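What follows is one structure encoded as structure tokens, with my remarks underneath.
Taken together, the values in this text are just the output of simple stated rules run on the coordinates, not laboratory data. Computed from a predicted structure; not experimentally measured. Cβ coordinates were reconstructed from backbone atoms using ideal geometry, including for glycine residues, and neighbour counts include every protein chain displayed.
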């Protein structure tokens, strides 16, 4: 580019040099001698040098801003390298990031319970009074993504009398056919309360129908396989779940299912539907069924009697988008029917609970619960009661709850009790199923 520009300048200068003699000759002013010609050539050289210097100066002035405006590529490389190094090799950045890759989210939740008042002891139904103070449960949770196709969850329960694996399973999220598969030990998808851990309950205890018909706190849980799939439709969210579990569920004193043979399994099915009624209100409906073998035929009939449960659950939530941290409402209900085969015939019982919880302020919640249930082995015996609950949340990591509970037991006097609970957590505890 520079060479072409200089050639153009020389051509222009040549024109300037030649033009004066031609013009002079045309005017009839030819030089008189050789000295005059030489002088004219010197003048032209000086004029040419002056014009060439001026053009070169103009060219330099044009090229200089371009060099400043377009910096060379190597100048931009050092900032990029410097910005990356602290995040990967720094004292806290790289080491913490690598540790997070190989370590799961860990949390510990404490559940402290106390009770005062007039209890009722009913050993025939496995009902014992709560002690004055009790560290009811300490749950340790370990949760992590295994790979892009699965995640793992472990929940270990520490009580005052021992340690138990509450749940421990892997969930495969990317199987063919849109199947969500869970393998391990887990709480069965029967209704709502059976799936909840103690620290997620909106009460200090579980309803009577859960204690009587669904094996109480332990509920339907064991090792097995669960398969769930969404059912596409244009109206609402619909999910179907089928589970096969080892045939033992419930505690030793009052088991729901008992198995003495490898082929005696328990089965659970659940169909769940969800729909938004408005931008602040939604409803969740479910239908459940469970089947397994009970211990009423042992040892004479080698456990050939079965128990079947049928359940319907409903949950209504209201939480306005504006100022939602101050007001909300959750209504819950379950109705469960039991059909139990026994030596003296078939016992058919039922039970229910209805509860509502209203958020009074940012940290205060008040609720009420009505419940009643037949006894599984003798449907002529029916328990009933009600509770009033007040809960205070200092933060999302702790809560204090008080519950007045009145229970009219089928056997023995009625119970009037005040239960209080303090829960606290540390660590990163993942969200439970909605």
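Sorted by packing (mean other beta-carbon atoms within 10 Å per residue), highest first, where do 205-213, 398-406 land?
Per-residue mean Cβ counts within 10 Å order the peptides as 205-213, 398-406.
Order 286-293, 330-337 from most to least packed using the mean count of other Cβ atoms within 10 Å. Working shown, then result.
Details: 286-293: 21.4, 330-337: 19.9.
Sorting 286-293, 330-337 by mean packing, highest first, produces 286-293, 330-337.
Using R₀ = 41 Å, calculate the FRET efficiency as 1/(1 + (r/R₀)^6) where r is the Cβ-Cβ separation of residue 279 and residue 102; round to 0.05. Walk me through the numbers on the way to the answer.
On the way: r = 42 Å, r/R0 = 1.02.
The formula returns an efficiency of 0.45 here.
Sorting check: for 341-352, 233-244, 382-393, 49-60, which peptide has the highest mean count of neighbouring beta carbons within 10 Å, and how do the rest follow? It would help to have the intermediate numbers written out before the result.
Details: 341-352: 15.1, 233-244: 13.6, 382-393: 18.2, 49-60: 12.0.
Those peptides, ordered most packed to least, come out 382-393, 341-352, 233-244, 49-60.
Points 7 angstrom from Cα along the Cβ direction at residue 60 and residue 41: gap in nanometres?
3.0
Within the stretch 378-411, list the residues whose amide N lies under 12 Å from a label point set 7 Å along Cα→Cβ of residue 368.
Answer for the stretch 378-411: 386-389.
Quote the relative contact order of the stretch 302-350 in percent (integer), defining contacts as alpha-carbon pairs under 8 Å separated by 6+ residues.
On the way: 69 pairs, mean separation 18.9, N = 49.
Normalised by residue count, the contact order of the stretch 302-350 is 39 percent.
What does the extension gain come out to for residue 322 and residue 150, with contour length at 0.36 nm per residue minus their alpha carbon separation?
Numbers: separation 172, 0.36 × 172 = 61.92 nm, distance 3.65 nm.
Difference between extended and current length: 58.3 nm.
For Cα pairs less than 8 Å apart in space and 6+ apart in sequence, what is the mean separation divided by the residue count of the stretch 198-329, i.e. the relative contact order in percent?
On the way: 266 pairs, mean separation 22.3, N = 132.
Relative contact order here is 17 percent.
Taking 7 Å along the Cα-to-C-beta vector as the label spot, tell me the residue 395-residue 339 distance in nanometres, rounded to one decimal.
Taking the simple label geometry, residue 395 and residue 339 are separated by 5.2 nm.
Can you pull the one-decimal nm distance between simple spin-label points at residue 289 and residue 134, each 7 Å off the Cα toward Cβ?
Spacing of the two 7 Å Cα→Cβ label points: 3.6 nm.
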